[in-house]
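For reference, the structure is listed below as structure tokens.
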Amino acid sequence: MSTQQHLIAPSVLAADFANLERDVQMVNESEADWFHIDIMDGVFVPNTSFGFPVMNAIAKHAKKPLDVHLMIVDPDRYLQVCKDNGAEIITVHYEACTHLHRTLAAIKELGCKAGVALNPHTPVSLLKDVIQDIDLVCLMSVNPGFGGQKFIERTYSKIKELRALAIENNTDVLIEIDGGVGLSNAGKLLEAGADVLVAGSFVFNSQDQKETIKALKDIDINIQSA
């Protein structure tokens, strides 16, 4: 695992959209590191989220990096739009990219960090030939498209496989986990080798959102494994 402290990225998809500015400000004031922004098209995943105008509104108030997760077909069409609307990290799905190497290069040409997301059924080994071109790998620990789903246990072994692949190729790619993350499994995810935890419903449905983020941030894997 990376020696740096793990990062927390609350998923804005789970925020209260009637009070979005309030929730963005909460993340600003919390110990969270990034805003996780899910863009869905109802085609690649069986649901839609918000579009780029809402992302732009978030960016105007956000004081932390926007970690943009494109759950859409043909993401290449929207890379420039992502950059123009405040994205600092752009993650595309392996399953949605016909020419992934080209897409990763295009993201980096925009000055953004390049991420690749893998659905639960997609093996880590498929990234072997592009792992050195990736800044972040987002392992989906639920099937993408809906919040509040049950965590898929196979994720732990996928994290270990991905970390081994990164070490083998001498790259310090960040491993992000998205879906079903909470205090019950966060320590085990970090112990397996994760660097970034995305938490949506677990944070925004909690009674004290800042304290929940702090609890996720304060997890010590040495304690977890003791």
For this session: Select from the range 38-65 the residues that are open to solvent by 70 Å² or more (accessible area, probe 1.4 Å) and in a strand (DSSP E or B) and list them in ascending order.
Result: 48
For this session: Considering each of 182, 145 in turn, give the residue that is of a type outside the set (A, V, I, L, M, F, W, C), touching a residue at least 60 places away in the same chain (Cβ under 8 Å) and out of contact with any His (no Cβ under 7 Å at 6 or more places or on another chain).
Result: 145
For this session: Could you list all residues from the range 96-152 that are small (Gly, Ala, Ser), open to solvent by less than 70 Å² (accessible area, probe 1.4 Å) and at pLDDT 95 or above?
Result: 96, 105, 106, 111, 114, 115, 117, 141
For this session: Tell me which of these residue 95 doesn't satisfy, since it passes every other one: (1) part of a helix (DSSP H, G or I); (2) over 23 Å from residue 126 (Cβ atoms); (3) of a type in the set (D, E, K, R).
Result: (2)
For this session: Being among the polar types (S, T, N, Q) and surrounded by 14 or more Cβ atoms within 10 Å (Cβ to Cβ) is the filter; apply it to the range 1-18 and report the residue that is modelled with the lowest pLDDT.
Result: 2
Exercise. If you go through the range 181-226 one residue at a time, how many are touching a Phe, Trp or Tyr at 6+ places or on another chain (Cβ under 7 Å) and open to solvent by 40 Å² or more (accessible area, probe 1.4 Å)?
Worked result: 1
Exercise. Do you know which of the residues in the range 66-81 that are out of contact with any strand residue (DSSP E or B) (no Cβ under 6 Å at 6 or more places or on another chain) and outside any helix (DSSP H, G or I) is nearest to residue 102 (Cα to Cα)?
Worked result: 74
For this session: May I ask you to list the residues in the range 206-223 that are modelled with pLDDT under 95 and either assigned to a loop (DSSP other than H, G, I, E, B) or of a type in the set (Val, Ile, Thr) (or both)?
Result: 219, 220, 221, 223
Exercise. Out of the residues in the range 159-197 that are of a type in the set (Asp, Glu) and assigned to a loop (DSSP other than H, G, I, E, B), which is farthest from residue 208 (Cα to Cα)?
Worked result: 172
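The values are calculated or read from the model by the stated rules, or taken from the named source; none is laboratory data. The structure displayed is predicted, hence computed values, not measured ones. Reconstructed Cβ throughout: ideal geometry from the backbone, glycine too, with neighbour counts over all protein chains shown. Accessible surface is based on the protein model in full, side chains and every heavy atom, while ligands, DNA and RNA are left aside. Shrake-Rupley method; radii C 1.70, N 1.55, O 1.52, S 1.80 Å.
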